[in-house]
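Peer 1: Quick one: the structure is below, questions incoming.
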Amino acid sequence: AVRARFRDGDELLRFKRGLEEADCSKWRRRADASEAKAAAYEALAAQHRRRFVEAEAARDAAAQNVRLESERADELEAALHDARDDDAPRSSTRARPREASKAIARARDDIVDD
């Protein structure tokens, strides 16, 4: 906040030197307090930036996990459909998984019996 009132660091130093020369302790304390407050806000902003980056990384990791789980689910669905061997439409495996798993169990039993 204090730094925004000055064009650059040199101007801030000139202001502080002027305060010291004028021996205005009240104004010096205010300037120091404002500078400390500005530093605290900068630290808080840095903390929020770090949290944002961490949240973005967590979101990206979760999205990657969802993609992997979705791919795995598609693979399992394809395997279920292939194991049914009854020429049913592929969507029926997802729509009626219990029937699909029973059909797979029957197909497995048929293979074992042969």
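Peer 1: Using r as the Cβ-Cβ distance of Lys102 and Leu68, and R0 as 25 Å, what FRET efficiency do you calculate, to the nearest 0.05?
Peer 2: 0.35
Peer 1: While we're on this one: Between the DSSP loop rule and a limit of at most 10 other Cβ atoms within 10 Å, which trypsin sites (Lys or Arg not before Pro) in the stretch 7-38 are left?
Peer 2: Arg7
Rule-based calculations on the coordinates, nothing more; no lab input. Since we're looking at a predicted model, the values are computed, not measured. Ideal geometry is used to build each Cβ from the backbone, glycine not excepted, and the neighbour counts take in all protein chains shown.
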